[in-house]
Amino acid sequence: MSQNTLINIGKTIIIVALATVFILLINKLGKKKVLASDKYSSKNGTKDPVPFIVIQIVSVLLAILAGIGILDAWGFNVTQLFAGLGIASAIIGLALQDTIKDVFMGSHL
């Protein structure tokens, strides 16, 4: 193996390790926060599902960023990928605008 290949493998291992640690940390802290707020659940005993959704969204975003970091470590051009993700997020945000508004207003009540 060449030296560049070993360096790329090392970068990949570091990125995967950091992403795993951050995802586990966010899951653990998020569950503690959600479990601590159980006593403040609604009158009928149901829990608010929004924090779980936020934890999952952040975890998926961290995994995507780790994948992009791995692609960058191996020499792929990720600039076009970021542009595509920006356009896709704008489209998804516009398409789900009413749904997201309803979720936040429902959690506010």
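Details
- Residue check, LYS28 among the charged types (D, E, K, R), modelled with pLDDT of 90 or more and part of a helix (DSSP H, G or I): no
- Contact map, segment 63-88: residues that are of a type in the set (Val, Ile, Thr) paired with residues that are assigned to a helix (DSSP H, G or I), Cβ distance under 7 Å, separation 6+ or inter-chain. Pairs shown: ILE68/LEU81; ILE70/THR12; ILE70/ILE15; VAL78/ILE68; VAL78/LEU71; VAL78/ASP72.
- Selection within segment 82-99 - over 14 Å from LEU61 (Cα atoms) and not polar (S, T, N, Q): ALA83, GLY84, ILE87, ALA90, ILE91, ILE92, GLY93, LEU94, ALA95, LEU96, ASP98
- Residue check for VAL50: modelled with pLDDT under 85, under 20 Å from the mean Cα position of the chain (by Cα) and under 24 Å from VAL21 (Cα atoms): yes
- Count of residues meeting criterion [open to solvent by less than 90 Å² (accessible area, probe 1.4 Å) and in a helix (DSSP H, G or I)] in segment 73-109: 16
- Whichever residue in segment 8-22 is open to solvent by 40 Å² or more (accessible area, probe 1.4 Å) and touching a residue at least 24 places away in the same chain (Cβ under 8 Å) and, among such residues, is farthest from TRP74 (Cα to Cα): PHE22
The values are calculated or read from the model by the stated rules, or taken from the named source; none is laboratory data. None of the values given here were measured: they were computed from a predicted structure. FYI the Cβ positions are ideal-geometry reconstructions off the backbone, even for glycines, and counts take in every protein chain you see. Quick note on the areas: whole protein, heavy atoms, side chains included, nothing else; ligands and nucleic acids left out. Shrake-Rupley method; radii C 1.70, N 1.55, O 1.52, S 1.80 Å.
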